[in-house]
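J.: Here you go, one structure.
The values are calculated or read from the model by the stated rules, or taken from the named source; none is laboratory data. Every value quoted in this text rests on a predicted model; they were computed, and no experiment measured them. Here Cβ is always computed from backbone atoms with ideal geometry, including for glycine, and neighbour counts include all displayed protein chains. Ligands, DNA and RNA are excluded from the accessible area calculation, which covers all protein heavy atoms including side chains. Shrake-Rupley method; radii C 1.70, N 1.55, O 1.52, S 1.80 Å.
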Amino acid sequence: MTEQEQGAAQQPESEKPRIGVYICRCGGNISDVVDTEALAKQVQSLGDVATCKVETFMCSDPGQATIVEDIQKQGLNRVVVASCSPFLHELTFRTAVQRGGLNPYLYEHVNIREQDSWVHKHDPAGATAKALRMISAAVGKLHHVEQLERIRLGNHRQALVVGGGIAGLKAAVELAGKGIPVILVEQSPQLGGRVASLARTFPGEIEGPEFVHKLADQVTGHPLIRVFRRARVESVSGFVGNFDVRIAVESQPGASEPPDGHGQAAPAEAQEFHASVGTIIMATGSDPYTPARGEYGFAEQPAVVTLPDFLRQLADTPDGEFRWNGRPVRNVGFLHCVGSRQVDGVNPPQPDGKINDYCSRYCCTAILQQALTLKQRFPAVNVFDFYQDIRTYGRGREDYYTKSSAAGVVFLRFHGDEPPVVEPGENGSALKVRVKDWLTFGEEVEVPLDLLVLGVGMVPHAIPELIDRLKLPVGADRFLQEVHPKLRPVETAVNGVLLAGTAQAPMDIEETFSAAGAAAVKAAILLSRDVVELDPFVAEVDAEKCNGCERCLEECAYTGALLKETVEIDGETVVKARVNPGLCFGCGACVAICPTRAIDLKGWTLDQFDAMVDGLIEAVPVAG
Amino acid sequence: MSPANGQATQQQEIRYDAVVVGGGIAGLQAALDLADQDYQVLVVEKQPSIGGRMISLSKVFPTLDCASCITTPKMSAAAHHPNITLMTYATVDAIEPAGDHQRLTLTKKPRYVDTSTCIGCRLCEYECPVEYPDPFEEGIGAVRAIAVPFANAIPQYAVLNPDYCIACGACVRACASDAIRLDQQPETVTVEAGAVVLATGFHLNSTTLKPQYHATESKDIISPLHLERLLAPHGPYGRVLRPSDGKIPESVAFVLCAGSRDQSIGVPYCSRVCCMYSIKQAMLLSGALPTADITLYYMDIRAFGKGFEQFYQNAKAMGINFVKGKVARIAPQSDGDMVLRVEAIEDGGQVMENRHDLVVLAQGIVPDLVMPENLGAARETDGFVKRPDPLRPAWTGCEGIFVAGTAAGPKDIVDSIMEAGSAAMEASHYLAQKRAAGGAEAPALQLEVIGASGD
Amino acid sequence: MPTKLTPAHREALKRFRDEHTDPAGTLKTYVADFRHERKQIIEALRKAPATVPELASQTGFSAERVLWHVTAMRKYGAAVEIGPDGSYVKYAYIEQAKKKEKE
């Protein structure tokens, strides 16, 4: 290091850096490629590295304990761990550094697994050299590190739940039960969403309206829950702990009492409300897939109906002879995977140009529940089931399959790349379905039908404005996207916004309840304290250097993150930029555009970038 | 310190807001979700380390994240949480109502190691002269009679297995901190809990349930958990070999529904995860053994979760062979291979006889908790913990006792995590109600009427 | 620093032995077999690196048992894989007895 650099470095205390570098073998994930022992020797000679150690699992307890012990016994004042992605373990090691008694931000994480050993499997020497350069960059960066404190902001300890289906209702009941006030916004006049119109749930076989009523009663009767029906989120802004929400409630023509007995009496006139909430639970749900005109005869053949329409009419059909639209019905078909498991080049794309390649999860069981009900109530009806795979997964569901088979439902298996073809019928039947049936060795079969029920999948309920306002991530399947599909299924990349139910992915009722409970617990955690804490990596304006040119304001992509402030300096009124740390995402766009280097990003300063580049270049890997 | 005054049997009574029974992924998530709300939580785990089944997996579907890489942060977070106490190597013998809370009787099994002085250095393990089949490695690897259970175990304390200890004293002498306590005895502990979450997990039913598969006759008819260890980056062989003789497999068969969807073996239900883990294992195998033939014999591919169907289609595109057909019989041959007799439904219905040198049986998930009655809960006919109220699906029907994860039915990791969150929510709801009944005040809703809107 | 056995340690060892008697000799037989097998496998490997079937035919133990031993030896640093040999993998022995004394 040059003298100049030394002078420029802002030392946490005016002490000389003593850097500990820890290299993880990751049980072979790294050390099978990178020569970790040789690497450690070379790292030892980097500037101010006091110790360098190699461990099999740095993230394990003994690995972390080594860091703590070295900080305390060797007087380390900065730490580097070279291991996996910071997404997995940066926090782990920051916490370890803190346990050792240091500010947790005196730490750098180097990813020599995803960015090195995994992508350079066939070049061990190159991977080892690259790891050295990466570590050298981190060591360089640490020479300019500052002690940072987490940002602490006030927290509005109440929640907004968007959507009054069972996911929203369940989340509201749980939060209110925990003592947290909840505002629930439902766009329709009624609570209960899709389940309210179900004949019966599976596998519990509870009537949909009864199920919803029990739940809705808990919500509407709760003093901590305010329900708005025929309402929408008019605008939303802010950040975790501090979301500002405007709710617009439509006028309720002539109604002062809610028609279903649920929800507070709606105002006769349109009204608008404002609230500040700490978290938002998105329980915006899903819609049944609407087939395109002509897709399996839909909207062209009157004898083609969707499953939701069928189950409502079946529930209303009296026992005796099974009739549909006045005509007696002998042969009924159920077709699986309509709008799900679509195949590129086979199924026509959706309006956005994509196909629905996902499985909708609920439909197999829902179809077989209806097929079985039909067969039990009208044994004379022949039932044909066109499927790819019967996905009656889990307990209680397989029963529908075995019972349907026993009741005489005829199964025909098609392949997704050769879906059945629906055509007008002959000889008095309304339809005929042509299908290559792989249960009879790929034979082409023609099945005459009086009625075909399309087992339509789930598509997310469209909420473009909310997605835009909250900058919510959306997956390729158009459902709202979670942070991690395995470990963090109800959190989103937007801190404080949580997902409950089928807004995130297709689910059945039981799974929706789990998701809603999981979203509620994350909300309860966020709302359990008076303050919210955020990472300190936000922009900061040096008011002395800022010339008020406002170019940063134009560049900033996050509404409200950069503000224009008029201040008096020596009797002169001047404009300066100021950062709202709650809304700043630390993207650095303002830093790059600033002509006077007046803005810097905490934890990622321009000096640190310079030092990292120097570190990358200066480290000369030794061959061998 | 002399070993004689180590840990004698003693009675303790400690009160927690919640006790979580089981330190697998469901239990840990439930514990974290309660502790993050400032409840005091005790996690009781019967194994010497937390982490459950998940910590022994290779990678997870459909993200293909390395399992130990994503499990250790949860384990570590629980271990270091100021509101969580871990009690490993302990069993819960009984849960009984006591006033408005639950009283749990626990037994701490002797580790023969003083955890207050053990530093997990493994010097005892290096000196121990006896090795036995390692339960963590499904028996394929070896572990010494005293050992730290596995590399990323939490807590990192040695544990001695008295079944294999010859009492030679080598560990006692090797220990740098005089932590070996050969006179340790089981210890009974009573704790009180405001709420209990049962997260007791699952095990797989036996490969030998179906005599027609002849799993007793070949070491190369293996369980999927066994294959997980073979595929793990730090697994026992360091690569995939067949267990009978160390041969690098050339043709691997996966037999789906080998322990589920079959009334005759007492598992009528679908175990939910076998299709996906088999597809994942097939994918990992094709990476580990690029020249091997890999075939999945299935009835229905149940790729129902988020991203699952796409994962399945990727596996097909990778060249993994999917054959729809029920495997009727597995016949081990004298050369070590197995011949599978299958009716190939999509191939003219002919009966095929296919030769493979490694066979993986996708066994069914059955509950680990055999007697939920002892823990205050009831069970369904299939043995899983009963949950009578569909509106409170985490509740067992017994005051203050909740259930999460595979104790309540087969499910994958993400569904276990969601259910654990939900159980933690229902438990905290319950605890808050008790507090409110005690006079705690609730905040009021803050809402401002702006007035009539435009129209 | 290793621990020096005190009378209290010896008392604890005795108590452990008293509580864990092996009347059927199961453990004794297991340990005797284990040692015998390990010794034979080490001797075979000392001559030359070998695959599991080669070791099995040299020692007369089952291939499965040999694989288990080699796996254990790899874990505890007494054997190393030196690469595939046809359909099998060759293992070599690592002499290590002296290493300990140095420390």
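J.: May I ask you to list the residues of the range B:181-221 whose amide nitrogen lies under 17 Å from a point 7 Å from Cα along the Cα→beta-carbon direction of B:Ile265?
T.: Output list for this probe position: B:202-221.
J.: Let me ask something else about it. Counting only heavy atoms of protein chains, what accessible area per residue, in Å², does the range A:295-450 have with a probe of 1.4 Å? Please report the intermediate quantities before stating the final value.
T.: Details: 6320 Å² over 156 residues.
With the other protein chains kept in place, the range A:295-450 gives 41 Å² per residue.
J.: Moving on to the next point. On a 0 to 90° scale, report how tilted helix A:606-618 is relative to the longest principal axis of chain A, with both axes built from alpha carbons and the result rounded to the nearest 10.
T.: 80
J.: Which FRET efficiency value, to the nearest 0.05, is calculated for B:Tyr126 and A:Leu606 with the Förster distance at 60 angstrom and r the Cβ-Cβ distance?
T.: Working: r = 50 Å, r/R0 = 0.84.
The calculated FRET efficiency here is 0.75.
J.: Normalised by the residues of the range A:295-450, what does the relative contact order come to in percent, with Cα pairs under 8 Å and at least six apart? Walk me through the intermediate numbers first.
T.: On the way: 234 pairs, mean separation 33.7, N = 156.
Normalised by residue count, the contact order of the range A:295-450 is 22 percent.
J.: Just add up the charged neighbours of B:Thr91: K/R +1, D/E -1, any other residue whose Cβ is under 9 Å from the Cβ of B:Thr91. Show your work: numbers first, answer last.
T.: Working: positive: B:Lys46, B:Lys108, B:Lys109; negative: B:Asp93.
Summing Lys and Arg as +1 and Asp and Glu as -1 gives +2.
J.: Moving to a separate point now. Along the Cα→Cβ direction, 7 angstrom out, place labels at A:Ser188 and A:Asp32. What is the inter-label distance in nm?
T.: Result for the modelled spin labels: 5.2 nm.
J.: With 26 Å as the limit, write out which pairs from A:Lys564/A:Lys602; A:Lys354/A:Lys486; B:Lys59/C:Lys75; B:Lys316/C:Lys90; A:Lys130/A:Lys486 have Cα-Cα distances beyond it, or answer none.
T.: On the way: A:Lys564/A:Lys602 20 Å; A:Lys354/A:Lys486 24 Å; B:Lys59/C:Lys75 21 Å; B:Lys316/C:Lys90 34 Å; A:Lys130/A:Lys486 31 Å.
Pairs exceeding the cut-off: B:Lys316/C:Lys90; A:Lys130/A:Lys486.
J.: OK, next. Before I look further, what does the range A:539-601 give for accessible area per residue, probe 1.4 Å, in whole square angstrom?
T.: On the way: 3730 Å² over 63 residues.
Spelled out: the 1.4 Å probe surface of the range A:539-601, per residue, equals 59 Å².
J.: Roughly how much accessible area, to the nearest 100 Å², goes out of reach of solvent when B and C pair up, both sides summed, probe 1.4 Å?
T.: Details: alone 20630 and 8250 Å², together 25220 Å².
Chains B and C together bury approximately 3700 Å².
J.: Could you check the spin-label model distance between B:Ser177 and A:Ser405? Points 7 Å from the Cα along Cα→Cβ, value in nm.
T.: 5.7
J.: Still on this structure, I have one more. Which parts of the range B:73-92, residue by residue, lose 50 Å² or more of accessible area when the rest of the protein chains are there, as against the chain isolated (1.4 Å probe)?
T.: B:His80
J.: Okay, moving on. How big is the B-A contact in terms of buried accessible area, both chains counted, 1.4 Å probe, rounded to the nearest 100 Å²? Mind dumping the intermediate values first?
T.: Values: alone 20630 and 28980 Å², together 42300 Å².
Heavy-atom accessible area buried at this interface is about 7300 Å².
J.: Continuing with the same structure: Between the alpha-carbon centers of the range B:316-340 and the range C:1-58, tell me the distance in whole angstrom.
T.: With the range B:316-340 and the range C:1-58 each reduced to a Cα centre, they are spaced 39 Å.
J.: Which of A:Asn347, B:Leu289, C:Pro23 sits closest to the plus end of the dipole of the protein assembly as shown, meaning its Cα is farthest towards the positive end, when Lys and Arg get +1 and Asp and Glu get -1 on the C-beta?
T.: C:Pro23
J.: Within a Cβ distance under 11 Å of A:Arg434, other residues only, what is the Lys/Arg minus Asp/Glu net charge?
T.: Details: positive: A:Lys432, A:Lys436; negative: A:Glu418, A:Glu423, A:Asp437, A:Glu444, A:Glu446.
Local net charge: -3.
J.: Ignoring ligands, DNA and RNA, please state the percent of accessible area on chain C from carbon and sulfur, probe 1.4 Å. It would help to have the intermediate numbers written out before the result.
T.: On the way: 3430 of 6310 Å².
After summing per-atom areas, the C and S share lands at 54 percent.
J.: Which residues belonging to the range C:23-56 lose at least 20 Å² of 1.4 Å-probe accessible area when the assembly is complete, relative to their chain isolated?
T.: Listed by number, the residues meeting the 20 Å² cut-off are C:Leu27, C:Tyr30, C:Val31, C:Phe34, C:Arg35.
J.: Now a separate question. Compare the peptides B:398-406, B:143-151 by average per-residue count of other Cβ atoms within 10 angstrom and give them in order, highest first. Spell out each step's value before the answer.
T.: Working: B:398-406: 27.9, B:143-151: 24.1.
Per-residue mean Cβ counts within 10 Å order the peptides as B:398-406, B:143-151.
J.: Can you give me the % of accessible surface on chain A that is carbon or sulfur? Probe 1.4 Å, all protein chains present, nothing else counted.
T.: Numbers: 12800 of 25330 Å².
Carbon and sulfur atoms account for 51 percent of the accessible area of chain A.
J.: Further question on the same structure: Given a Förster radius of 60 Å and the C-beta distance between A:Asn325 and A:Ala557 as r, what FRET efficiency does 1/(1 + (r/R0)^6) yield to the nearest 0.05? Could the numbers behind the result be given before it?
T.: On the way: r = 54 Å, r/R0 = 0.91.
Between A:Asn325 and A:Ala557 the formula returns 0.65.
J.: OK, next. What order, most packed first, do the peptides A:525-536, B:229-240 have when packing is the mean number of other Cβ atoms within 10 Å of each residue?
T.: On the way: A:525-536: 17.8, B:229-240: 20.7.
In decreasing order of mean packing, A:525-536, B:229-240 become B:229-240, A:525-536.
J.: Quick check on the range C:24-102: take the gyration tensor over C-alpha atoms, sort the square-rooted eigenvalues as a ≥ b ≥ c, and tell me if it's rounded (a/c under 1.5), prolate or oblate. Show your work: numbers first, answer last.
T.: Working: a/c = 2.08, a/b = 1.17, b/c = 1.78.
Because a/c hits 1.5 or more and a/b fails to exceed b/c, the range C:24-102 counts as oblate.
J.: Taking the 0 to 90 degree range and rounding to the nearest ten, how far is the long axis of helix A:166-177 tilted relative to the main principal axis of chain A, both from C-alpha atoms?
T.: Computed tilt is about 60 degrees.
J.: Let me ask something else about it. Rounded, prolate or oblate: pick one for the protein assembly as shown, where a ≥ b ≥ c are the square roots of the eigenvalues of its C-alpha gyration tensor, a/c under 1.5 means rounded, and failing that, prolate if a/b is larger than b/c, else oblate. List each step's numbers first, then the result.
T.: On the way: a/c = 1.58, a/b = 1.14, b/c = 1.39.
Here the protein assembly as shown falls in the oblate category.
J.: Helix A:86-99 versus the longest principal axis of chain A: what is the Cα-based angle in degrees, 0 to 90, to the nearest 10?
T.: The helix A:86-99 is inclined about 50 degrees to chain A.
J.: In the range B:352-396, which residues become less accessible by 50 Å² or more once every protein chain is in place, relative to the chain on its own, using a 1.4 Å probe?
T.: Flagged in the range B:352-396: B:Pro390, B:Leu391.
J.: Taking the Cα centre of chain B as the origin, how large is its charge dipole in debye, to the nearest 20, when only Lys and Arg (+1) and Asp and Glu (-1) carry charge on their Cβ atoms? Walk me through the intermediate numbers first.
T.: Values: 37 positive and 51 negative charges, 114 e Å.
With only Lys, Arg, Asp and Glu charged at Cβ, the dipole is about 540 debye.
J.: On to the next question. If you take every residue apart from A:Ala598 with its C-beta less than 11 Å away from the C-beta of A:Ala598, what net charge results, scoring Lys and Arg +1 and Asp and Glu -1?
T.: Values: positive: A:Lys545, A:Arg551, A:Lys576, A:Arg597; negative: A:Glu540, A:Asp542, A:Glu544, A:Asp600.
Value of the local net charge: 0.
J.: Something else: Between A:Ala299 and A:Phe441, what is the FRET efficiency for a Förster distance of 41 Å, r being their Cβ-Cβ separation, to the nearest 0.05?
T.: Values: r = 34 Å, r/R0 = 0.83.
So, using R0 = 41 Å, E works out to roughly 0.75.
J.: Restricting to the protein assembly as shown, what percent of DSSP beta bridges are antiparallel, rounded to 5? Kindly include the intermediate steps, with their values, before the conclusion.
T.: On the way: 100 of 183 bridges.
Beta bridges within the protein assembly as shown, antiparallel portion: roughly 55 percent.
J.: What average number of partner chain Cβ atoms lie no more than 10 Å from the Cβ of the residues making up B:409-416? Mind showing how you got there, number by number?
T.: Numbers: counts 4, 3, 5, 2, 4, 9, 7, 1.
What the average comes to for B:409-416 is 4.
J.: So for each of B:266-272, A:448-454, B:163-169, B:107-113 I average, over its residues, the number of other beta carbons within 10 Å; can you give me the resulting order with the highest mean first? Provide the component values of the computation, followed by the final result.
T.: On the way: B:266-272: 22.7, A:448-454: 24.7, B:163-169: 17.3, B:107-113: 20.9.
Most protected by this proxy first, the peptides run A:448-454, B:266-272, B:107-113, B:163-169.
J.: Using label points projected 7 Å from each Cα along Cα→Cβ, tell me how many nm separate B:Asn374 and A:Lys16, to one decimal.
T.: Taking the two extended label points, one gets 6.3 nm.
J.: OK, next. Counting only protein heavy atoms and using a 1.4 Å probe, what share of the accessible area of chain B belongs to carbon plus sulfur, as a whole percent?
T.: Working: 7570 of 15240 Å².
That share works out to 50 percent.
J.: So what is the accessible area of the range B:182-299 per residue, in Å², with the probe set to 1.4 Å? Don't skip to the end; give the middle numbers.
T.: Values: 3180 Å² over 118 residues.
Per residue, the range B:182-299 has 27 Å² of solvent-accessible surface.
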